[in-house]
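**Q** What follows is a structure written as structure tokens; I'll ask about it next.
The values are calculated or read from the model by the stated rules, or taken from the named source; none is laboratory data. From a predicted model like this one, the values you see are computed outputs, not experimental measurements. A quick note on method: Cβ atoms are made from the backbone with ideal geometry, for glycine too, and the neighbour counts reach across all protein chains shown. The accessibility values were calculated without ligands, DNA or RNA, using every heavy atom of the protein model including side chains. Shrake-Rupley method; radii C 1.70, N 1.55, O 1.52, S 1.80 Å.
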Amino acid sequence: MRQQETMSAQADCRFCGTKLQHTLVDLGMSPLCESYVSAEKANQMEPFYPLHVYVCDNCFLAQLEQFVSAESIFSEYAYFSSYSDSWLQHAKRYTEMIVKRLDLDRSSTVLELASNDGYLLQYFVERGIRAIGIEPASNIAAVAAKKGVPTVVKFFGQETARELVAQYGQADLLIGNNVLAQVPDLNDFVAGMKIVLKPGGAITMEFPHLMRLMNENQFDTIYHEHFSYFSFIAVEKIFAHHGLSLFDVEELSTHGGSLRIYGRHAGTGSVSDRVVAMRKTERDAGYDRIDTYRNFGEQVKETKRKLLEFLIGAKRAGKSIAGYGAPGKGNTLLNYCGIRTDFIDYTVDRNPYKQGKLLPGTHIPILHPARIMETRPDYVLILPWNFKDEIMAQMSGIRDWGGRFVVPIPEVRVYP
Ligand SMILES: [Zn+2]
């Protein structure tokens, strides 16, 4: 059960403590984006919280105030990583790369923070490498355990780090994919990573890149579960503060454009050319100046107007519109734009946990993907646009009746 927990108004930067006074974007009030509504609760009140992102003028960390405790968000979570084929492919390729790069073998220990349903660690287990997951959502951890991935059901921070070291020793490889943004106590989390990392060990973390979010208008990736939005400049400062240095960085296409950072204990070795280049790219683009962050809000409003224009035009022309997917980002988009069943008849999702429920806030019903083939809508609005190629390939059958795909971000595009 999720309960409202009124946190004290935290108007200070979660990393450096500076007073937050600059708005990056204000998306108004929105429900928690993973709080899917069951049919029997359809008539009950839903809590809405502000989605107002600030940027710190000292460390340039973009961030939301925390209104709901991490326990109430993540203790029962609906996101199962293994429902995406392309994400599994990504995990498999990463495993092959990192095992080779770090020379991992049967004597190595790999820890993953927020290991979800074991989507990644299963590939280490296959190779006989000891892999331990840390995952706060017990329903998801249970699925990982069935795959043979031992999973500790806990939130991570310095205290859990000490317990892990006592029980398993320190890690040769510490992984955190799409978790850093979701950590309310960022300093405790990164300090915990320092504790659990073996001397000579490596950290890799992936998270959406703020520069891509802003350049490509991905405001729908802002939700209450994502407390922080990182540039390389900001994340490097945070790691350095805790005695960790970033020695390499890669740009990935996942989640609309992510960074994969490589960290280790500070004071060892030099940094890659890619680190030097990334620092320069962000400085040249002005990510170390507050002015750079001022125009994003207007760009977001314009995107809303364009999407509504398209939907109104389609409805006036008598067209039917279905959604594809029920991702968190879809809920930010639909709530911010005020799009409900007046535009979208229903959406579909492959995740059976979501089928039969309603989208939070907008109450658009979530059905099985087969429904699209039965009802033959004129347009299918792809909400998880980061998987658009995969989805358009899977759903290519809609072309049989002249159906077309619509992708809302970075701008409204219709695919014949
Ligand atoms: Zn700050």
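**Q** Do we find that PHE155 is surrounded by fewer than 24 Cβ atoms within 10 Å (Cβ to Cβ), closer than 30 Å to ALA62 by Cα and at pLDDT below 95 in this structure?
**A** yes
**Q** Here is a follow-up. Got at least one residue in region 322-334 being in a helix (DSSP H, G or I), small (Gly, Ala, Ser), open to solvent by less than 40 Å² (accessible area, probe 1.4 Å) and closer than 24 Å to PRO410 by Cα?
**A** Checking region 322-334: at least one residue is in a helix (DSSP H, G or I), small (Gly, Ala, Ser), open to solvent by less than 40 Å² (accessible area, probe 1.4 Å) and closer than 24 Å to PRO410 by Cα.
**Q** I want to confirm something. Restricting to region 158-187 and keeping residues that are touching an Asp or Glu at 6+ places or on another chain (Cβ under 6 Å) and surrounded by fewer than 24 Cβ atoms within 10 Å (Cβ to Cβ), which single residue is nearest to SER253 (Cα to Cα)?
**A** Looking at the filtered set, the residue picked out is GLN182.
**Q** Shifting gears a bit: Looking at VAL276, is it in a loop (DSSP other than H, G, I, E, B), aliphatic (A, V, I, L, M) and surrounded by fewer than 18 Cβ atoms within 10 Å (Cβ to Cβ)?
**A** Answer is no for this residue.
**Q** Another one. Could you grab me the full set of residues in region 286-321 that are surrounded by fewer than 17 Cβ atoms within 10 Å (Cβ to Cβ) and either in a loop (DSSP other than H, G, I, E, B) or at positive phi (or both)? Reasoning before the result, please.
**A** As a first pass, look at region 286-321 and keep what is surrounded by fewer than 17 Cβ atoms within 10 Å (Cβ to Cβ): 286, 288-291, 294-295, 297-299, 301-302, 305-306, 308-309, 312-313, 315-320.
Result: GLY286, ASP288, ARG289, ARG294, ASN295, ALA317, GLY318, LYS319, SER320.
**Q** Hey, MET211 hits all of (1) hydrophobic (A, V, I, L, M, F, W, C); (2) within 19 Å of ASP26 (Cα to Cα); (3) within 12 Å of the chain's Cα centre (by Cα) but one; which does it fall short on?
**A** Of (1) hydrophobic (A, V, I, L, M, F, W, C); (2) within 19 Å of ASP26 (Cα to Cα); (3) within 12 Å of the chain's Cα centre (by Cα), only one is false for MET211: (3).
**Q** Enumerate the pairs (first residue in region 51-65 and open to solvent by 10 Å² or more (accessible area, probe 1.4 Å); second residue anywhere and of a type in the set (D, E, K, R) and within 13 Å of the ligand (Cβ to nearest atom)) with beta-carbon separation below 8 Å, excluding pairs fewer than 6 apart on the same chain, so at least 6 apart or on different chains.
**A** Here the result reads PHE60/ASP288, each pair linking region 51-65 to a residue that is of a type in the set (D, E, K, R) and within 13 Å of the ligand (Cβ to nearest atom).
**Q** Considering only residues that are within 22 Å of SER30 (Cα to Cα) and either more than 21 Å from the chain's Cα centre (by Cα) or among the β-branched types (Val, Ile, Thr) (or both), which ones fall in region 359-377?
**A** Within region 359-377, THR362, HIS363, ILE364, PRO365, ILE366 meet the criteria.
**Q** How do the pairs read when you match residues in region 14-42 that are open to solvent by less than 50 Å² (accessible area, probe 1.4 Å) with residues anywhere that are β-branched (Val, Ile, Thr) and within 15 Å of the ligand (Cβ to nearest atom), using Cβ under 6 Å and keeping only pairs 6 or more apart or on different chains?
**A** Qualifying pairs under 6 Å: PHE15/ILE238; HIS22/VAL55; HIS22/ILE290; LEU24/VAL53; LEU24/VAL55; VAL25/VAL53.
**Q** Name the one entry in ALA62, ALA42 that is within 16 Å of the ligand (Cβ to nearest atom) and aliphatic (A, V, I, L, M).
**A** ALA62
**Q** Looking at the structure I just gave you, is GLY243 crowded, with 18+ Cβ neighbours inside 10 Å and either modelled with pLDDT of 95 or more or over 28 Å from ASP57 (Cβ atoms) (or both)? Lay out the reasoning, then the answer.
**A** Numbers: crowded, with 18+ Cβ neighbours inside 10 Å: no; either modelled with pLDDT of 95 or more or over 28 Å from ASP57 (Cβ atoms) (or both): yes.
Criteria not met by GLY243.
**Q** Suppose we keep only residues that are in contact (Cβ under 8 Å) with a residue 40 or more places away in the chain, of a type in the set (A, V, I, L, M) and within 18 Å of ASN331 (Cα to Cα) within region 361-383. Which one would you say is surrounded by the fewest Cβ atoms within 10 Å (Cβ to Cβ)?
**A** Residue satisfying both the conditions and the ranking: ILE366.
**Q** When you go through (1) part of a loop (DSSP other than H, G, I, E, B); (2) over 22 Å from the mean Cα position of the chain (by Cα); (3) β-branched (Val, Ile, Thr) one by one for VAL380, which number turns out not to apply?
**A** (1)
**Q** Here's a follow-up. Hey, ASN386 hits all of (1) crowded, with 21+ Cβ neighbours inside 10 Å; (2) under 28 Å from GLY297 (Cβ atoms); (3) modelled with pLDDT of 95 or more but one; which does it fall short on?
**A** Every listed condition holds for ASN386 apart from (3).
**Q** Let me ask something additional. Would region 390-408 turn up any residue that is touching a Lys or Arg at 6+ places or on another chain (Cβ under 7 Å) and farther than 29 Å from MET29 by Cβ?
**A** Yes, region 390-408 has at least one match.
**Q** I'd like the residue in region 246-273 that is open to solvent by 50 Å² or more (accessible area, probe 1.4 Å) and closer than 22 Å to LEU88 by Cβ and, out of all such residues, is modelled with the lowest pLDDT.
**A** Here the residue is SER253.
**Q** Here's another thing I want to ask about it. Could you identify the single residue in ALA191, ALA114 that is buried (at least 21 other Cβ atoms within 10 Å of the Cβ), in contact (Cβ under 8 Å) with a residue 12 or more places away in the chain and either within 28 Å of THR221 (Cα to Cα) or out of contact with any Leu (no Cβ under 9 Å at 6 or more places or on another chain) (or both)?
**A** ALA114 is the lone residue from the list that is buried (at least 21 other Cβ atoms within 10 Å of the Cβ), in contact (Cβ under 8 Å) with a residue 12 or more places away in the chain and either within 28 Å of THR221 (Cα to Cα) or out of contact with any Leu (no Cβ under 9 Å at 6 or more places or on another chain) (or both).
**Q** What tally of residues in region 130-152 results from selecting those that are over 20 Å from SER84 (Cβ atoms), of a type outside the set (D, E, K, R) and open to solvent by 10 Å² or more (accessible area, probe 1.4 Å)?
**A** Total satisfying the criteria: 6.
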